Amino acid sequence: MSTDYDVGKGDKIHAGKPVTVDRYTPGARVNHWITATSLVLLALSGLALFHPALFFLTELFGGGPLTRVIHPWIGVLLFFSFFGLFLRFWKANLWKREDGTWLARIRDVLTGHDERLPEVGKYNAGQKFVFWAMSVLIIVLITTGIVIWDQYFFEFTTIGQKRWAVLVHSIAAIVIISVWIIHVYAAIWVRGTIRAMTRGSVSGGWAWRHHRKWLRELVAKSSKGKSGRTPAE
Amino acid sequence: MFQPVPNPSTRPEPPKFGDQDLIRRSASTVTPPAQRQTEVAKLIDVSKCIGCKACQSACIEWNDTHPEIGINTGVYDNPHDLTPDMFTLMRFSEWENPETNNLEWLIRKDGCMHCEDPGCLKACPAPGAIVQYSNGIVDFVHENCIGCGYCIKGCPFNIPRISKVDHTAYKCTLCSDRLAVGQGPACAKACPTQAIVFGTKEEMKQHAEGRITDLKSRGFANAGLYDPPGVGGTHVMYVLHHADKPEIYADLPNNPRISPIVEAWKGVTKYAGLAVIGIAAATGFMHYLVSGPNRVSEADEEAAEKLTGEERRP
Ligand code: HEM
Ligand code: SF4
């Protein structure tokens, strides 16, 4: 078995023309889409209360009072759903030496010169940034969110604490929405990425181009599996 | 004696103020009326209050609220705090005057101050859930309230309370419904000592002057009017015998103002926040225009095939 930090249970190469590489199990994909849906619904219901110009968004949730009621519950769903993703993905998102080099060459990243970038594992530094930013922000949002969830938790904090909480909650919301925009944009910009979360697999060329280290690890793993030998360490 | 508001006639009359007199409306922009109505005010003379709670009873009766029967915890405050069913509350404080060594029993009628710059209204996200009339009344409109509790965070006096029954916010209305037909507030009408009087804001200030002069002549050198400028003045004012120390009256804030945290939340955060989201989206869009999609090439696919094929050979 592979001990690579970033190779997931279901990650697997299917040889052929073209090669395809399994990247996400059905469980991971369902987990991802529940998280994504709740994040979008939270952004919409939260922004409805954030600025008067966006109050009309409450119509999507059946009016102002229902928006107020439903938002924190979706938050709870998001928290647990993201926690599932966290358990699945945290290891592959640990910071590695090549991530620093990758970041230092951010110009090449943005201009699509992948050939000038170091080989990276299952996630590059940008993806790792999104992962850790989401993790931290969701903890901030659930903590401050509970402090301002007056229907059930009013007695537990002072009004002064609630003022801070609502300020921090709205700032964290802005940041997480911006991180989400980066995340979605990257998935659209880097062609061949979205199918990883829909069909669960990517093309071999995609893995070669963007996550070559991961692809090499998978190749090494599968040749090991095929031959049934354990190479000398 | 201040001449109380006379009973109005029994003939139906059009309301004296309404939606056309709004100077502020939560989460909305209103064009204020060209002519502002005369500002009204309630003056509470703490030195005249005997703590009988007639005002509380009148408030319950007029507003038809049904406060729970409470329990005695050893103080006269009843109930122990403002509730969605108790818009005004006599707060009793025992204070030892260090100058005279006298124990003074201070009784303050707590309730909405009807700030000229209302923090609740500033914080409220629901259009029209809180309104301010040009006569100074700050009123909650329950049909528009979503029960979020932001008004509680905005209020410098800790006044609004959310009902557990209909999940909307409640507080003193300054009897806007009575004033609209020419009556005075129920509490002022019920007060047996004229500790609560009602009139125009100017009249109330003048009346307070007289009271303060009287108190000073009786040895309360620091007697004064509580009309805090930090919130633009209020339409409920106090005459305090120790106006230099409002906090001894059950923590009446010394220099109330809308919390800077609330100002930041409702001010710069909104504009900067929407700008940041807009910039993030625009940057993505521009990047796409400039650099186009990042596509996997044929060469990439071939390289992958070569790598996987090669390595797979036994
Ligand atoms: C993680 C758990 C979360 C909880 C428990 C939570 C809870 C709350 C609560 C209680 C409120 C006050 C309004 C209401 O009562 O509905 C609120 C407001 C808000 N929430 Fe959340 N929330 C969470 C996550 C999020 C997320 C992920 C976002 C953004 C994507 C977000 C964005 C907002 C915004 C923008 C507001 C309005 C703040 C303002 O009025 O300035 N929340 N949240
Ligand atoms: S609870 Fe207060 S802040 Fe929220 S909508 Fe009602 S009046 Fe406005």
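Read-outs throughout are calculated quantities, based only on the coordinates presented, and are distinct from any laboratory measurement. Predicted model, so just to flag it, every value in this text is computed and none were measured. Note: ideal-geometry Cβ built from the backbone for every residue, glycine included; neighbour counts use all protein chains shown.
In table form, for the structure just shown:
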| quantity | calculated |
| --- | --- |
| Most positive-pole-ward Cα, B:Thr213, B:Ala195, B:Gly154, against dipole of segment B:19-314 from beta carbon charges | B:Thr213 |
| Within 10 Å of each Cβ in B:281-290, the average number of Cβ atoms from other chains | 3 |
| Residues B:Asp19 and A:Ala187, FRET efficiency given R0 of 35 Å [Cβ-Cβ distance, rounded to 0.05] | 0.10 |
| In segment A:35-171, lysine pairs closer than 17 Å at Cα, eight or more apart or cross-chain | 4 |
| Translational D in µm²/s for segment B:95-235 (Stokes-Einstein at 37 °C, 0.692 mPa s, Kirkwood Rh from C-alpha pairs) | 192 |
| Chain B: DSSP helices with Cα axial extent of at least 18 Å and average Kyte-Doolittle hydropathy no lower than 0.5 | B:268-291 |
| Additional length obtainable on full extension of the chain from B:Lys245 to B:Phe92, 0.36 nm per residue less Cα span | 53.5 nm |
| Centre separation in Å (Cα based) which lies between segment A:99-147 and segment A:16-49 | 17 |
| Debye intensity ratio I(q)/I(0), log10, the protein assembly as shown, q values 0.08, 0.11 Å⁻¹ (C-alpha model) | -0.67, -0.96 |
| Summed side-chain charge close to A:Trp189 - residues other than A:Trp189 whose Cβ falls under 15 Å, Lys, Arg +1, Asp, Glu -1 | +2 |
| Computed E for B:Asn222/B:Glu302 - FRET, C-beta separation, R0 60 angstrom, nearest 0.05 | 0.10 |
| Set of lysines with alpha-carbon distance to B:Lys109 below 19 Å, sequence-local pairs under 8 removed | B:Lys42, B:Lys48, B:Lys53, B:Lys171, B:Lys189, B:Lys201, B:Lys205, B:Lys245 |
| Chain A: DSSP helices with Cα axial extent of at least 24 Å and average Kyte-Doolittle hydropathy no lower than -0.5 | A:26-50, A:64-89, A:125-147, A:159-189 |
| Mean separation of Cα contacts under 8 Å (6+ apart) over length of chain A, as relative contact order % | 29 |
| Neighbourhood net charge (14 Å Cβ-Cβ; Lys/Arg +1, Asp/Glu -1) for B:Asp110 | +3 |
| Highest average packing first - B:44-51, B:236-243, B:275-282, Cβ atoms within 10 Å | B:236-243, B:44-51, B:275-282 |
| Selection from B:Val290, A:Gly64, B:Pro67, by position along the positive dipole direction of the protein assembly as shown (Cβ) | B:Val290 |
| Residue-by-residue Karplus 3J(HN,Hα) for segment B:112-117, coefficients 6.51, -1.76, 1.60, Hz, glycine and proline x | 4, 8, 6, 4, 5, 10 |
| Average partner coverage of B:143-153, which counts Cβ from other chains inside 10 Å | 6 |
| Local electrostatic count, A:Glu98, Cβ distance below 14 Å [Lys/Arg +1, Asp/Glu -1] | +2 |
| Magnitude of the charge dipole, segment B:247-313, Cβ model with Lys/Arg +1 and Asp/Glu -1, debye to 20 | 340 |
| Charged-residue dipole, Cβ positions (Lys, Arg, Asp, Glu), the protein assembly as shown about Cα centre, Debye nearest 20 | 2360 |
| Cα-derived Rg over Rh, computed across segment B:19-314 with Rh taken as Kirkwood radius | 1.26 |
